[in-house]
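The values are calculated or read from the model by the stated rules, or taken from the named source; none is laboratory data. Keep in mind that this is a model prediction, so the values were computed, not measured. Positions of Cβ are backbone-derived with ideal geometry, glycine not excepted, and every protein chain shown enters the neighbour counts. SASA here: full protein model, heavy atoms, side chains in, ligands and nucleic acids out. Shrake-Rupley method; radii C 1.70, N 1.55, O 1.52, S 1.80 Å.
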Amino acid sequence: MISLSNIKKTYPGGTGRKTDGQVKALNGISFNVDKGELFGLIGPDGAGKTSLFRTLTTLILPDEGEATVDNYDIRKDYQQIRNRVGYMPGRFSLYQDLTVEENLNFFATVFGTTIKENYDLIKDIYQQIEPFKDRRAGKLSGGMKQKLALSCALIHKPSVLFLDEPTTGVDVVSRKEFWAMLKKLRQEGITILVSTPYMDEANLCDRIALIQKGDILSIDKPDNIVRSFPGQLYAVHASDTHRLLQDVRSFPGTATCFAFGDSLHVTFKDAPSGSNAPSGAATGSPGEPQALLQYLQARNHPDATVEKTGPTIEDCFIHLLKN
Amino acid sequence: MKQLLTFIRKEFLHVFRDRKTLLMLFGLPIAQIVLFGFALSNEVKNSRIAVTDYSKDPVTTQLIDKISSSSYFNIQRNLNSAQQIDAAFKKGDIRMAVIFPANFSTDLTHTGKATIQVIADASDPNLATTITNYITRIVGDFNTQSELSTGQPLQILPEVQMLYNPELKGAPNFVPGVMALVLMLVCTMMTSVAIVKEKELGTMEILLVSPFKPIYIIISKLTPNLLISVVNLFVILVLSALFLDLHVKGSTLLLIFCSILFILTSLSIGLLLSINAKTQQSAMMASLMGMMLPTMLLTGFLFPIENMPWPMQVLANLVPSRWYFIIVKRVMLKGMGFGAVWKETLILAGMCLALFAISLRRFKIRLQ
């Protein structure tokens, strides 16, 4: 349904000169999305997600590479693609001075359809904002804005739906609802490409691509990505988290250490490097957790705990970034 | 078609929901009419005048020499008949005519008194007053000088006649000026934010990823502005008829036709600014700074263009309001028909088409 091969895009630098300060947004991106798939692009701000969306919606031309959407070439058949896809940009892009209903009506007409015709498709979403249909879009809450934007992007029954960070700036409850809607849309056979900076949303996709600085780090099902995490991960917890982070990092056996919620996620080095560390296995020395605990207690963390834990997508992402 | 209508309807909603801007759009012409009611005076140099000498004697030759040696006047050519003078006035070729009657010399030698006829185009009352004052003073000087040299008292009396606007009302001059200025500014400013606003709000991204064609976007953006401007035009015409007692002398239909052409030209300028601008603010500044000054200076409404150095005169030719000002003056004040303004109309039409074509070409179907 969507296929990219070696897409490259470089933006000219601020000085305007060709060689100065060029920004590589996309660095040879290739992947395929199947029909009816819910595909997630996961990456931090500035990873190239929006550039990728704009390339696929024909809003920008890539410097190199080929891409097709619904079998239409993004260069030659741009009008065909524009006629049939639904696109929800990252920034709220509806008319703030028009009411909810006026916005929806407008986009329905622009795409040559009516609200009535495709009401079934948007019913679940639109019903939630219908009580506010006479309210101006600018006065809606963040979650309702996104629901309206999704309704507007869906009103013409697109074959592919592009959602650029639809849940950024939306409260947790609305985010959950939003993802439930995407699952429903997938059942309608609509192919969905969605991007998000939130790692916890990655598990809700069929497949995900981890993207960073214009490069794809990994493409797989979320489960497989988590399963591919090498070694054992430990959660370290203590009341003084800030000092704990510094102390764990100063521990000689620590390979990686990141704050994760109210605890720290820690991996240990393969080979012993500190004098007090016994030799260990390839996946981190088994003696290290105990050594760390003692190390922490000696440094005035009486309530410190070190426990085994399962990796999340975020852990995998950080791991992939390190390598 | 339905798409286009919906889009146009949407644009109207934008306009009507933005009360402050709406107030400004309709308040501006009214404020201008009131403000420019106060006369503005200015020095006049090199006014084109005609001199007709039916007498051809030493005294008239001397007097004509004196007039032509002054820097105030630029004697165009000797127009020999009343019809020629009349035609020159209508075309705007001359500002004033000085006519020495055939019996000038005989009157002067026999009675010591003679009259010359001074006719001025008073559709610009300030200019007319100023130049007739100059001529009266030159003739007065001449009288005193000859008295001193010959000892004989001479009395040459200029008989001044004001054409088109005998009461020297200010309104006839400033109304066409205000029409040109207001329509130009309102149209360009309104339109200059139209496209760039969608870009800035991000809605352009969605509009581009849709079946909607660029030409439709442009037409939908221009339609409400065109309508508002036409309403403004009628407000100005009605205001000047009711309060300034200035009625359209020529064909109102012709005036409206030419005005719509001028409005379209100004809208196209705004469109071009909007398509090239990065932010609403820069578009607004460009239309205000870039249009306000040239329009004020180079329309010929505050400062006569013929007084300017030639580079400015060439530049003035590029300002659409300059041509519109001529059209309004001729049709509204002098009551002339299409035959008198076809050239200016054609220039406006050309400008309008060129600007619109450039805008359409420069409309970007992609971001960046």
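When each of the peptides B:230-239, A:112-121 is scored by how many other beta carbons lie within 10 Å of its residues on average, the order from highest to lowest is B:230-239, A:112-121.
Relative to the longest principal axis of the Cα atoms of chain B, the long axis of helix B:214-243 lies at roughly 40 degrees.
Pairing chains B and A buries close to 2800 square angstrom of accessible surface in total, based on protein heavy atoms and a 1.4 angstrom probe.
Using a Gaussian network model of chain A in which every pair of alpha carbons under 10 angstrom is joined by a spring, one finds that among A:Leu245, A:Leu210, A:Leu150 the greatest mean-square fluctuation is at A:Leu245.
Relative to the Cα centre, what is the charge dipole magnitude of chain B, using +1 at the beta carbon of each Lys and Arg, -1 at the beta carbon of each Asp and Glu, and rounding to the nearest 20 debye?
Working: 32 positive and 21 negative charges, 398 e Å.
About 1920 debye.
Just to confirm the number: angle between the C-alpha axis of helix B:125-150 and the first principal axis of chain B, 0 to 90 degrees, nearest 10? Between helix and principal axis, roughly 20 degrees. Looking at chain A, the DSSP beta bridges with both ends there are about 70 percent antiparallel.
Dipole orientation for segment A:7-109: of the candidates A:Val100, A:Val85, A:Ala47, A:Ala47 has the Cα lying most toward the positive pole (charges on Cβ; Lys, Arg +1; Asp, Glu -1).
Give the peptides A:57-69, A:181-193 in descending order of average Cβ contacts within 10 Å, highest first.
Working: A:57-69: 19.9, A:181-193: 17.7.
The peptides rank, most packed first, as A:57-69, A:181-193.
Summing Lys and Arg as +1 and Asp and Glu as -1 over all other residues whose Cβ lies under 15 Å from the Cβ of A:Thr241 gives a net charge of -1. Anisotropy class assigned to the protein assembly as shown is prolate, per the alpha carbon gyration tensor with a/c at or over the 1.5 cut-off and a/b larger than b/c. A Gaussian network model of chain A, with springs between Cα atoms under 10 Å, assigns the largest mean-square fluctuation among A:Ser218, A:Ser141, A:Ser30 to A:Ser141. Ordering B:Val235, B:Ser210, B:Val196 by Cα displacement along the dipole of segment B:180-245 toward the positive end leaves B:Ser210 in first place; charges were set at the Cβ atoms of Lys, Arg (+1) and Asp, Glu (-1). Here the Karplus curve 6.51 cos²θ - 1.76 cosθ + 1.60, taken at θ = phi - 60°, turns the phi angles of segment A:80-91 into couplings of 4, 5, 4, 6, 10, 9, x, 9, 10, x, x, 8 Hz, with x standing for Gly and Pro.
I want the antiparallel fraction of DSSP beta bridges within segment B:47-163, as a percent rounded to 5.
Values: 4 of 21 bridges.
The answer is about 20 percent antiparallel.
Counting, for every residue in B:206-216, the Cβ atoms of other protein chains within 10 Å of its Cβ and taking the mean gives 6. Averaged over the residues of A:110-117, the number of partner chain Cβ atoms lying within 10 Å of the residue Cβ comes to 3. Of the residues B:Ala120, B:Ser70, B:Ser47, the one whose Cα sits farthest towards the positive end of the charge dipole of segment B:47-163 is B:Ser47 (charges of +1 on Lys and Arg Cβ, -1 on Asp and Glu Cβ, taken about the Cα centre).
Taken one residue at a time, the phi angles of segment B:349-357 give Karplus couplings (6.51, -1.76, 1.60, θ = phi - 60°) of 4, x, 4, 4, 4, 4, 4, 5, 5 Hz. Gly and Pro are set to x. Legend: mean number of C-beta atoms from other chains within 10 angstrom of residue C-beta atoms, peptide A:96-105, equals 3.
Accessible area of the protein assembly as shown with a 1.4 Å probe: how many percent of it is carbon plus sulfur? Don't skip to the end; give the middle numbers.
Details: 17820 of 31470 Å².
The nonpolar share, carbon plus sulfur, comes to 57 percent.
Using the Karplus relation 6.51 cos²θ - 1.76 cosθ + 1.60 with θ = phi - 60°, the per-residue 3J(HN,Hα) values for segment A:216-227 come to 8, 7, 6, 10, 5, 5, x, 4, 5, 5, 5, 5 Hz, with x marking Gly and Pro. Taking amide hydrogens as placed 1.01 Å from N in the peptide plane, the amide H of B:Gln161 sits under 5 Å from those of B:Val118, B:Ile119, B:Ala120, each at least 5 positions away in sequence or on another chain.
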